[in-house]
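Remarks on the structure that follows.
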Amino acid sequence: MNYDDALTTAIDRLHTEGRYRTFIDIERRRGQFPHAIWTKPDGTEQEITVWCGNDYLGMGQHPVVLAAMQEALEATGAGSGGTRNISGTTVYHKTLEAELADLHGKEAALVFTSAYIANDATLSTLPKLFPGLIIYSDALNHASMIEGVRRNGGAKRIFRHNDVAHLRELMAADDPAAPKLIAFESVYSMDGDFGPIAEIVAVAEEFNALTYLDEVHAVGMYGPRGGGVAEQLGLMDKIDIINGTLGKAFGVMGGYIAASAKMCDAVRSYAPGFIFTTSIPPAVAAGAAASVRHLKGDQALRDLHQERAKVLKLRLKGMGLPIIDHGSHIVPVIVGDPVHTKKLSDMLLEHYGVYVQPINYPTVPRGTERLRFTPSPVHNPEMIDGLVRAMDGLWSHCALNRADLSA
């Protein structure tokens, strides 16, 4: 085989399908988010507004977070120095895990380098802890959950998205004595729809199954203390394992699970993805702990976030744009073609300073390619006006005409 030619073929295929992903170089400026500076290929700079970030509440710029990180950096230095088992556990990691356990009303929490790793490592380890475990996974679960379930070597069942009747049908067909776990999400990030937590909990109780809930796109933003949708519904005590991220609403980096002390201890002791990975830097842990602690008491920020999302959705709906609205903070505008989606993204950036990445297959099904906007409390009304004007100009004048967008 000519390996270089094989790589060229693989990459060319993405270009042909319009799915080749390009990165743009941006520099966030302290205190100015969501504004950033885009360095163009020719070296010139342009100010842009970031509309596709997952720093949902702007906590990556919050003074409380920055102060905690600076203090920890000055006190401890840059890195953690090792895995959690070998010198990489510090007082900052323990403090963060205590904050997370308290947030979710659990006995313990376990911090990983990312929520992807937390999902993958935990779900791939559970069959070691519960021999014969059957995992029932929602069809639209995140890639990290799918990978963890796929790699664990145990039995798995895929139920149709949010279809509790199908889930129950699958569970009823299996051995009543077999250990079972249902893995699902609270907010699905591409459509912004909610998982039927109460209904799934009821099925889990009926079949004596564990529940595993990914709250990555909800922690910090939902519930009276930011514990997620399960907290908002008063159901956190019904969830056995909660997965969350520190890299979205909390504005820093990392992921975690929150569960019983015994569950966290078992995962800590058996999961290779935890055992053999260098822990997050103390400064990151300190910033995350400060963010979690702050958001437990900042309902005003959560309210403003929901208000901004509601306003943007109303404005885009008023223009007749095909948006998906399930009542969450995520605002997808369906374009339906990868080439058109990329062209719209490029034109928004170049002509209007609006930065929103195209979302294509395999992240979403073919034919549902989209622009996914994530308004935050720091996107003020003037920024929303600018985005709406840009979308109106491109959508109405181009009318998604293939000739115009492909030119």
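Odds and ends about this structure:
- Share of carbon and sulfur in the accessible heavy-atom surface of the stretch 223-305 [1.4 Å probe, %]: 58
- Taking Lys and Arg as +1 and Asp and Glu as -1, the other residues whose beta-carbon sits under 11 Å from that of ASN54 total +1.
- The stretch 168-270: proportion of alpha-carbon pairs further apart than 18 angstrom, %: 50
- Computed from phi, the 3J(HN,Hα) profile of the stretch 301-312 under the Karplus parametrisation 6.51, -1.76, 1.60 (θ = phi - 60°) reads 5, 4, 5, 5, 4, 5, 5, 4, 5, 4, 5, 4 Hz, with x in place of Gly and Pro.
- Integer Hz, Karplus 6.51/-1.76/1.60 couplings in order for the stretch 239-249, x for Gly and Pro: 9, 7, 10, 10, 9, x, 10, 9, x, 10, 4
- Cross-link partners of LYS310 among aspartates and glutamates, defined as those whose alpha carbon lies under 20 angstrom from its own and excluding same-chain residues fewer than eight positions apart: ASP55, ASP191, ASP193, ASP298, ASP325, GLU382, ASP385, ASP392.
- With the biggest extent put first, the Cα atoms of the chain measure 61, 55, 53 Å across the principal axes.
- Relative to the dominant Cα principal axis of the chain, helix 282-295 is inclined by about 80°.
- Computed E for ASP385/ARG21 - FRET, C-beta separation, R0 30 angstrom, nearest 0.05: 0.55
- Highest to lowest packing among 143-155, 27-39, 274-286, scored as the average C-beta count within 10 Å: 274-286, 143-155, 27-39
- Taking the DSSP bridge list for the chain and keeping only pairs wholly inside it, about 60 percent are antiparallel.
- Computed over the chain, the per-residue total of -39500 (n - 2.57) for DSSP H runs of n ≥ 4 gives a 222 nm mean residue ellipticity of -13500 deg cm²/dmol, rounded to 500.
- Residues in the stretch 264-273 carry Karplus couplings, in order, of 5, 5, 5, 5, 4, 7, 10, 7, x, x Hz; the curve used is 6.51 cos²θ - 1.76 cosθ + 1.60 with θ = phi - 60°, and Gly or Pro positions show x.
- Degrees, to the nearest 10: 3-17 long Cα axis against longest axis of the chain: 70
- Gap separating the Cα centres of the stretch 1-55 and the stretch 147-212, nearest whole Å: 36
- Sorting CYS52, CYS264 by accessible area puts them as CYS52, CYS264; the probe is 1.4 Å, largest comes first, and only protein heavy atoms count.
- Based on protein heavy atoms only, the chain ends up with 43 Å² per residue of surface accessible to a 1.4 Å probe.
- Radius 10 Å from Cβ of ASP193, net charge of other residues (Lys, Arg +1; Asp, Glu -1): -3
- 25 °C / 0.890 mPa s Stokes-Einstein diffusion coefficient of the stretch 111-242, Kirkwood radius on C-alpha pairs, µm²/s: 167
The values are calculated or read from the model by the stated rules, or taken from the named source; none is laboratory data. Quick caveat: nothing in here was measured; it's all calculated off a predicted structure. Glycine also receives a Cβ, built like all others from the backbone with ideal geometry; neighbour counts cover every protein chain displayed. Calculation scope for accessible area: heavy atoms of the full protein, side chains included, ligands and nucleic acids excluded. Shrake-Rupley method; radii C 1.70, N 1.55, O 1.52, S 1.80 Å.
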